[in-house]
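Colleague: Questions regarding the structure given below will be posed in turn.
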Amino acid sequence: MTTVFTDEGRAYAATIIAVQPNVVTQVKTSEKEGYSAVQIGAIEGKEKNVNKAQIGHAKGKMLKRFRELNLKGGVADVEVGATIDVSIFTVGDKVTVTATSKGKGFQGVIKRHGFHGGPRSHGQKHSERSPGSIGGGGGRAGGRVAKGMRMAGRMGSDRVTVRNLAVLQVLPESGELLIAGAVPGRKGTLVEIRGTDSHS
């Protein structure tokens, strides 16, 4: 992340995203597949890391990642082999970013669910960050733990979508996109960026 200043002098916290050109590998139509969608491939890899089926499907290109997108405007004007790069975005566009969030491992209820924990003054011994009562007895769930009870457990590594982020800068020469705010994931995470108005 970095700080970006606008012409008016306003500062934004921004995320720098490296955008590699995406290639249209397949166009699915209602007549053939039963629905309309566009499949795109990205991230070129070494030949030893890409299987022959992927190479054949991508017409000889060493593409490792494929994603299918439903276009609101239809697929009539999309051709196989077309390249999609950072130039399709303009400054001021609102975009939706989807990615896998950082994995946190096994975490307690305070970090995972925002519990406050017990008082730090009297009567506590090794239980300041404990979850407290989870049911049992003749309580709310009739002597059992109710489904969906918030407890400690594995946190992160979820598919997260952030909507209505503004495009601050488009840098075609370096293939970079600067988006206002934070996006899910760590450095190097593969992200999916879509326009909020056209779902493209």
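Computed from the coordinates by the stated procedures, all read-outs in this text should not be read as laboratory data. All of these numbers come straight from a predicted model, not from anything done at the bench. We place every Cβ from the backbone using ideal geometry, glycine too, and count neighbours over all the protein chains shown.
Colleague: Normalised by the empirical 2.2 N^0.38 Å for globular proteins, what value does the Cα Rg of segment 21-84 take?
Modeller: On the way: Rg = 12.1 Å, N = 64, 2.2 N^0.38 = 10.7 Å.
Relative to the rule-of-thumb radius for its length, segment 21-84 sits at 1.14.
Colleague: Grab the Cα-Cα distance for E44 and F5, subtract it from 0.36 nm times how many residues apart they are, and report the gain in nm with one decimal.
Modeller: 10.7 nm
Colleague: Which entries in the list K28/K104; K125/K187; K32/K52; K32/K64; K61/K187; K64/K94 go over 32 Å, if you measure between the two C-alpha atoms of each?
Modeller: Pairs exceeding the cut-off: K28/K104; K125/K187.
Colleague: Another question about this same structure. How about segment 1-71: which chymotrypsin sites (Phe, Trp or Tyr not before Pro) there lie in a loop by DSSP and see at most 12 other Cβ atoms within 10 Å?
Modeller: Sites meeting the loop and neighbour criteria: Y35.
Colleague: Let me ask something else. Normalised by the residues of segment 21-84, what does the relative contact order come to in percent, with Cα pairs under 8 Å and at least six apart?
Modeller: Here the relative contact order equals 44 percent.
Colleague: Using a Förster distance of 35 Å, how high is the FRET efficiency between S101 and S30, based on the Cβ-Cβ distance and rounded to 0.05?
Modeller: E(calc), rounded to 0.05, equals 0.50.
Colleague: For a footprinting-style exposure proxy, rank R129, R144 by other Cβ within 10 Å, fewest first. Mind dumping the intermediate values first?
Modeller: On the way: R129 14, R144 11.
Ranked by crowding around the Cβ, least crowded first: R144, R129.
Colleague: OK, next. Which order do H126, H57 fall in if you start with the one that has the fewest other Cβ atoms within 10 Å?
Modeller: Taking fewest neighbouring Cβ atoms as first place, the list is H126, H57.
Colleague: Let me ask something additional. In angstroms, what radius of gyration and Dmax does the chain have, counting Cα atoms only?
Modeller: Final numbers for Rg and Dmax: 23.3, 71 Å.
Colleague: Which aspartates and glutamates, if any, have their Cα less than 15 Å from the Cα of K59, not counting same-chain residues under 8 positions apart?
Modeller: Leaving aside aspartates and glutamates fewer than 8 places away in the same chain, those within reach of K59 are E44, E47, E79.
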